[in-house]
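Participant: Take this structure, written in structure tokens, and hold onto it; I'll ask about it next.
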Amino acid sequence: MGALSGSFIARAQTDADNNLVQAQEPLATLQVQCGGTMPGVIAIPELHALVAKAQAAQLRLARTVTAYNGEEIITAWVEAAPSGKNDGCCFIGVVNWQAEAVPADTDAAQLARKQDIDQSAAELTLRLDAKQCILSVESEARDLADITARMRQSRGKPWTDLVTLPGSTHTQPLHWRLLDGAECTVEGSDRVWSVSLVPLGQPEPGSRGFDLYLVADRPLVDRRKTSKTVEPATMHSIGRDLSPVLRQPIARIIANAETIRAKMAGPLAEEYSNYAADIAAAGQHLMGLIEDLSDLEVVESESFVTAPDQIDLVDVARRAVGILAVRAQEKDIELRAPDADQKAPATAEFRRVLQILLNIMTNAIRYSPDGSPVDIVAVPTRFGARIMISDQGPGLSAEQQAVIFEKFERLGRSGDGGSGLGLYISRRIARAMGGDLTVESAPDEGARFILDLPASR
């Protein structure tokens with residue numbers, strides 16, 4: 001069994017199917033201990049990969065191979081070389097062999113492993129400051145869309161204000177050790193969520209803030225599997241391929257910039273704190289653009305449909321007002337929501353209607369003068385339900401109204417943080433639900449955006 005020259009403590013040979021046909025001790029015993037047979041397919045994963053690579057490249061290769069035999073960790077330096085006869089066979093030589101006891105599983109190792117698992121399983125991730133106030137949030141879970149939007153509009157507030165901690169009567173926020181591992185419920189989700197808090201900073205844990213992960217008690221059941229809401233698998237685009245790749249690093253940039261801005265990493269000159277705030281704002285703008293491009297891909301798909309349900313436009317409007325309350329307060333703008341006892345039933349997808357209203361109200365806040373009101377009125381109509389959002393902004397000319405719902409149309413504005421896609425996407429969604437989105441306006445007289453939706457069944 002030779003072909004490999006040199007001094008080896010064990011030799012072996014494989015066939016073209018990566019079967020270990022001959023092996024000397026201790027390699028033969030390790031093959032059996034790893035669940036294989038002699039002869040049989042190589043059962044040592046790293047050795048299998050080394051042999052396959054050597055066969056594919058037709059080169060002599062060497063590397064360290066590690067395996068667990070059930071009692072010890074085996075580490076060996078192994079060489080693999082093709083037979084040179086084009087028969088797919090490979091010769092193996094083991095240069096050295098070390099067996100070590102499995103290290104004791106320390107509390108620190110167990111904690112690190114738990115944190116890794118929680119991070120992988122989390123459906124909502126928060127970066128908090130040292131007082132457990134929200135710096136950034138990231139989630140794509142459908143039943144967390146409402147709370148995610150609220151948290152994005154509630155930066156600087158304790159995260160515990162936005163969830164329910166059953167049975168908790170202590171003053172919020174609780175000490176982080178009491179919250180780590182606690183269960184909470186979230187409005188809009190019927191799942192129970194487990195809290196994992198990872199303190200940042202030394203020597204005092206949490207001095208530089210926290211990473212918070214919400215892990216659900218069960219997967220979300222998708223009751224819309226029969227609706228074709230995604231594009232064909234052959235489609236390659238920003239929404240499907242690039243967006244998931246970019247979200248996490250951009251969210252991390254935003255979180256780190258907010259950490260620097262809040263001076264949690266230590267004293268910092270004011271101009272650098274302002275610079276970090278600019279980085280965070282730019283990151284938020286980029287994240288918004290990615291979300292718009294992702295939505296654009298979905299709504300322009302020929303197979304795009306929504307998941308209609310029975311909703312109340314008054315309820316959706318009041319939720320949107322609650323989400324945007326902080327942003328409106330920054331400009332001293334009053335969002336006048338419909339009364340809670342009013343009703344405007346309709347047939348539409350709740351999440352999509354909320355998306356449309358948030359877009360329109362955000363624009364109203366952005367372009368309205370400080371201290372002015374924004375009126376939201378929802379009423380039933382003969383054919384369904386209607387909601388009207390009126391602001392006292394600069395208004396729109398007839399020419400502007402004709403193009404405002406077009407793709408990438410920003411009416412000549414620059415530097416306002418918009419992508420020019422929000423209204424285009426909103427109208428596409430409204431029409432996909434059997435409704436429509438229109439505008440009434442005149443220069444210097446504000447604008448009124450009107451969303452019409454089909455009647456409740």
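Participant: Picking from A402, A398, A337, which residue would you name as being outside the structural domain of S154 (by TED's automatic domain parsing) and closer than 25 Å to E187 by Cα?
Facilitator: Result: A337 is the single residue among A402, A398, A337 that is outside the structural domain of S154 (by TED's automatic domain parsing) and closer than 25 Å to E187 by Cα.
Participant: Considering only region 27-55, how many residues are among the polar types (S, T, N, Q) and either farther than 23 Å from S7 by Cα or not assigned by TED's automatic domain parsing to the domain that holds I92 (or both)?
Facilitator: 2
Participant: Output yes when any residue across region 323-333 is small (G, A, S), surrounded by fewer than 19 Cβ atoms within 10 Å (Cβ to Cβ) and either free of Cβ contacts under 8 Å to residues at least 12 places away in the same chain or in a loop (DSSP other than H, G, I, E, B) (or both), and no when none is.
Facilitator: Checked against the condition, which is being small (G, A, S), surrounded by fewer than 19 Cβ atoms within 10 Å (Cβ to Cβ) and either free of Cβ contacts under 8 Å to residues at least 12 places away in the same chain or in a loop (DSSP other than H, G, I, E, B) (or both), region 323-333 yields no hits at all.
Participant: Still on this structure, please answer the following. Out of all the residues in region 338-356, is one or more more than 21 Å from A141 (Cβ to Cβ), surrounded by 19 or more Cβ atoms within 10 Å (Cβ to Cβ), within 29 Å of the chain's Cα centre (by Cα) and among the small types (G, A, S)?
Facilitator: Checked against the condition, which is being more than 21 Å from A141 (Cβ to Cβ), surrounded by 19 or more Cβ atoms within 10 Å (Cβ to Cβ), within 29 Å of the chain's Cα centre (by Cα) and among the small types (G, A, S), region 338-356 yields no hits at all.
Participant: For region 178-212, which residues satisfy the criterion of being assigned to a strand (DSSP E or B), of a type in the set (S, T, N, Q) and crowded, with 17+ Cβ neighbours inside 10 Å?
Facilitator: S194, S196
Participant: Go through region 73-91 and give me each residue that's farther than 21 Å from V32 by Cβ and either outside any strand (DSSP E or B) or in contact (Cβ under 8 Å) with a residue 24 or more places away in the chain (or both).
Facilitator: The answer is E79, A81, P82, S83, G84, K85, N86, D87, G88, C89.
Participant: Just to be sure before I move on: is V305 surrounded by fewer than 18 Cβ atoms within 10 Å (Cβ to Cβ), in contact (Cβ under 8 Å) with a residue 40 or more places away in the chain and of a type in the set (A, V, I, L, M, F, W, C) in the structure I sent?
Facilitator: Yes; evaluated as a whole, the condition is true for this residue.
Participant: A further question follows. One residue is enough: does region 106-123 have a residue meeting the conditions at pLDDT 85 or above and either surrounded by 14 or more Cβ atoms within 10 Å (Cβ to Cβ) or over 26 Å from P205 (Cβ atoms) (or both)?
Facilitator: Yes; the residues of region 106-123 include at least one that is at pLDDT 85 or above and either surrounded by 14 or more Cβ atoms within 10 Å (Cβ to Cβ) or over 26 Å from P205 (Cβ atoms) (or both).
Participant: Quick check on D341: is it at pLDDT 80 or above and farther than 30 Å from D129 by Cβ?
Facilitator: Considered against the rule, which asks whether it is at pLDDT 80 or above and farther than 30 Å from D129 by Cβ, D341 comes out as yes.
Participant: Test each condition in (1) assigned to a helix (DSSP H, G or I); (2) at pLDDT below 80; (3) out of contact with any Phe, Trp or Tyr (no Cβ under 9 Å at 6 or more places or on another chain) for D161 and report the one that comes out false.
Facilitator: Against the list (1) assigned to a helix (DSSP H, G or I); (2) at pLDDT below 80; (3) out of contact with any Phe, Trp or Tyr (no Cβ under 9 Å at 6 or more places or on another chain), D161 comes up short only on (2).
Participant: Check region 56-75 and report whether any residue there is in the same structural domain as N18 (by TED's automatic domain parsing) and within 16 Å of D17 (Cβ to Cβ).
Facilitator: Yes, some residue in region 56-75 is in the same structural domain as N18 (by TED's automatic domain parsing) and within 16 Å of D17 (Cβ to Cβ).
Participant: Considering only strands (runs of 3 or more DSSP E) fully contained in region 358-457, which possess at least 3 residues that are among the aliphatic types (A, V, I, L, M)?
Facilitator: It comes to 373-380, 384-390, 447-454.
Participant: Got a sec? Which of G188, G156, G167 is of a type outside the set (S, T, Y), at pLDDT below 85 and within 21 Å of R261 (Cβ to Cβ)?
Facilitator: Matching residue, one of G188, G156, G167: G156.
Participant: Out of K85, K53, report the one residue that is at pLDDT below 90 and in contact with a Leu (Cβ under 7 Å, 6 or more places away or on another chain).
Facilitator: Of the residues listed, the single one that is at pLDDT below 90 and in contact with a Leu (Cβ under 7 Å, 6 or more places away or on another chain) is K53.
Participant: Given the conditions (1) among the aliphatic types (A, V, I, L, M); (2) touching a Lys or Arg at 6+ places or on another chain (Cβ under 9 Å); (3) surrounded by 14 or more Cβ atoms within 10 Å (Cβ to Cβ); (4) free of Cβ contacts under 8 Å to residues at least 60 places away in the same chain, and given that L59 satisfies all but one, which numbered condition is not satisfied?
Facilitator: (3)
Participant: Within the group T29, T64, which residue is surrounded by fewer than 17 Cβ atoms within 10 Å (Cβ to Cβ) and touching a Phe, Trp or Tyr at 6+ places or on another chain (Cβ under 9 Å)?
Facilitator: One residue alone meets the criteria, T64.
Participant: Now for a different question. When you check V379 against the structure, is it surrounded by fewer than 21 Cβ atoms within 10 Å (Cβ to Cβ), hydrophobic (A, V, I, L, M, F, W, C) and at pLDDT 90 or above, yes or no?
Facilitator: yes
Participant: Residues in region 114-171 that are of a type in the set (D, E), in contact with a Gly (Cβ under 9 Å, 6 or more places away or on another chain) and more than 13 Å from F210 (Cα to Cα): how many?
Facilitator: 2
Participant: Another one. Only one of (1) crowded, with 16+ Cβ neighbours inside 10 Å; (2) in contact with a Leu (Cβ under 8 Å, 6 or more places away or on another chain) is not met by P39, so which one is it?
Facilitator: Here P39 meets the rest and fails (1).
The values are calculated or read from the model by the stated rules, or taken from the named source; none is laboratory data. The structure presented is a predicted model; accordingly, all values stated were derived computationally and were not measured. Reconstructed Cβ throughout: ideal geometry from the backbone, glycine too, with neighbour counts over all protein chains shown.
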